[in-house]
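Have a look at the structure below before the remarks.
Every number in this text was worked out from the coordinates using simple rules, so none of it is lab data. Keep in mind it's a predicted model, so treat the numbers as computed, not measured. We place every Cβ from the backbone using ideal geometry, glycine too, and count neighbours over all the protein chains shown.
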Amino acid sequence: MFSIIAAIGKKNELGKNGQLVFHIKEDMKFFRETTNGHKVVMGRKTWESLPGKLPKRENYVVSRKKVEGADKTINDLNQFIKANKDTEEEIFIIGGGAIYAAFLPYAKNLYLTEINKSVDADVFFPIFDKSKYDKTIIKKGNENDLSYSFAKYTIK
Ligand SMILES: NC(=O)c1ccc[n+]([C@@H]2O[C@H](COP(=O)([O-])OP(=O)(O)OC[C@H]3O[C@@H](n4cnc5c(N)ncnc54)[C@H](OP(=O)(O)O)[C@@H]3O)[C@@H](O)[C@H]2O)c1
């Protein structure tokens, strides 16, 4: 089973120039606590934006070439999706834009930190039909003048 996890702005902003556009400590903590102990899947560009492997998680990187340092490289995305979409195990899809778009049709849960601000961005979370999901708000917060909600969307 796939669960997407992302932090998005009012217009689905995700990133700019290969980096994140929002830096919220509570969100980083939520990300860490939610994904720890699980397999995480990310695109090669997101991988390159990180200082290194995410600890306590198996790091799977999607790329058409071999990725040094990753626990596993996923070359054949369709084959990976087919083999894992119906498993009990929760596998976290952690970005970026290209990888969210590829997994969105197969993801059971979307953990979205919805940030109440618009910023300049060059990568966006895909538009999705919210009526197809049940939504729960896990928690709301405020940090550095940014208000946000941790929302969980589960496919109906
Ligand atoms: N706000 C958030 O929660 C969040 C989370 C994560 C990332 N981000 C941001 O998102 C941005 C990066 O997103 P992005 O869309 O540019 O890149 P990305 O999704 O991280 O990575 C794209 C790369 O994935 C590989 N790929 C994609 N589709 C593939 C397929 N079908 N088969 C094989 N490989 C495939 C390709 O790697 P190769 O070119 O090596 O083949 C492609 O260049 C950054 O700004 C990052 O900071 C934001």
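Over region 2-155, what is the relative contact order in percent, taking alpha-carbon pairs closer than 8 angstrom and at least six residues apart?
33 percent
Quick one: work out the % antiparallel among DSSP beta bridges in the chain, nearest 5.
Expressed as a percentage, antiparallel bridges in the chain total about 50.
Be a star and scan region 87-103 for residues whose amide nitrogen sits under 15 Å from the point 7 Å along the Cα-to-Cβ vector of Lys72.
Only 87-94 pass the distance filter.
How high is the FRET efficiency from Lys53 to Asp134, r the C-beta distance, R0 25 Å, rounded to 0.05?
Efficiency computed from Cβ-Cβ geometry: 0.15.
Treating the beta-carbon of each Lys and Arg as +1 and of each Asp and Glu as -1, no other charges, what is the dipole magnitude of the chain about its Cα centre, to the nearest 20 debye?
Around 140 debye, computed over the chain.
Taking Cα atoms, how many degrees apart are the long axis of helix 25-35 and the longest axis of the chain, rounded to 10 and kept between 0 and 90?
With rounding to tens, the tilt is 40 degrees.
For the cross-link pairs Lys72/Lys130; Lys39/Lys135; Lys16/Lys140; Lys39/Lys65; Lys25/Lys156; Lys16/Lys72, which exceed 28 Å when the distance is taken from alpha carbon to alpha carbon?
Long pairs (Cα-Cα over 28 Å): Lys72/Lys130; Lys25/Lys156.
On a C-alpha basis, how far is the centre of region 16-78 from the centre of region 82-156 in Å? Whole number, if you could?
15 Å
Per DSSP H run of n ≥ 4, the term is -39500 (n - 2.57); total these for the chain, divide by its residue number, and report the mean residue ellipticity at 222 nm rounded to 500 deg cm²/dmol.
-5500 deg cm²/dmol
Any chance you could list the semi-axes, whole Å, largest first, of the equivalent ellipsoid that the Cα gyration tensor gives for region 2-155, using √(5λ)?
Sorted largest first and rounded, they come to 23, 18, 15 Å.
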